Amino acid sequence: MSPGMIEQIDDAVASLDIELTEEEIRQLEAPYTPRYDFQGISDDAQLQAIMAKIPQFTTAN
């Protein structure tokens, strides 16, 4: 095992002793909001179709 791997194992074991506050637990358990990532989509029609399904990207007429 490399020294880096041993350090990672030591850190992982040490993390078992961490106690979270109520606020930290609340933040971790808060609903996840997905991030829309369009990276790698170069087809404009496909991009427009995806954006049409996302309320933040639609325009009200």
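Every number here is computed from the coordinates shown, using simple stated rules; none is lab data. Quantities reported herein were computed from a predicted structural model and do not represent experimental measurements. In this analysis, Cβ positions are derived from the backbone assuming ideal geometry, glycine residues included, and neighbour counts consider all displayed protein chains.
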Can you pull the one-decimal nm distance between simple spin-label points at ILE18 and SER2, each 7 Å off the Cα toward Cβ?
2.3
Taking 0.36 nm per residue of separation between ILE25 and ASP10 and subtracting their Cα-Cα distance, the length gained on full extension comes to 3.1 nm
In the P(r) worked out for the range 3-57, what percent of Cα pairs fall beyond 17 Å?
66
Got a sec? How would ARG26, ARG35 order by Cβ neighbour count within 10 Å, fewest to most?
ARG35, ARG26
